[in-house]
Amino acid sequence: MLHRRTLLLASAALLPLGVTARAAPGLALSAQDQADIARIEAYLNGIKSLKAHFMQVAQDGGISEGTAWLERPGRMRFQYDPPAPFLLIAGHGVLTFHDSALQQTSNIGLNRTPLGILLDEHVQLSGAVTVTGIQRLPGQIQLTLVRTDSPGDGSLTLVFADPPMTLRQWTVVDAQRRETHVTLYNAQLGGSFDPQLFEQLSPPSAHEK
């Protein structure tokens, strides 16, 4: 069984602390880099909604699981499986972390979180977003991103299977350099979800699970 502190650290790593804004250093992109980034942009913009099982691994090795729903623009829900009393919801431009056992809720602007990049109405990996790293492995491509004006808020590394391009995992590094790895399983693309799924601080109804 996971300890509360382990799960809290794992979830809180998605909520970076405020830091002084500064410009992110750019990466010299080759023609292949630019082509791959364009393919990734097109792929991400093609994902309007997604539902998947997730496994989350925190900095200290703590593991938690649950169900994730993403709906662009700006909506997300991470429902942690019991006994974890945690819930992450994105909606109305705010990312909310709720601990039902302690009855504590914290909020942060979605535009201050690296994960918010995935939820933009139009994903553009230039301008407001800076690519700081790209790595190719057999059957895999990894892309590391920061918000250009506030790189200290943290970074987001997206891991894709390729080919065919499929989002498999992401790593969030927060302002305190804590890493959280999220792996998606049995992802279902497309479909529409009840808007209340991104509003309520309670478990989803049976037909949404």
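FYI, it's all coordinate maths here, none of it is from the lab. Note that the structure is predicted; figures quoted are calculated from it, not measured. Note: ideal-geometry Cβ built from the backbone for every residue, glycine included; neighbour counts use all protein chains shown.
Points worth noting:
- In this simple spin-label model, placing a label point 7 Å from the Cα along the Cα-to-Cβ direction at both H53 and T183 gives a separation of 1.2 nm.
- Were the residues from E65 through Q135 laid out at 0.36 nm apart, the gain over their Cα-Cα distance would be 22.5 nm.
- Tensor-based shape of region 107-209 (alpha-carbon gyration tensor, a/c under 1.5 rounded, otherwise prolate or oblate): oblate
- Given R0 = 41 Å, the distance between the Cβ atoms of Q103 and S30 translates into a calculated FRET efficiency of 0.20.
- Between A38 and E199, the simple label model (points 7 Å from Cα in the Cβ direction) yields a spacing of 4.2 nm.
- Working ranking of peptides 189-198, 76-85 by packing, defined as the average number of other Cβ atoms within 10 Å per residue, highest first, is 76-85, 189-198.
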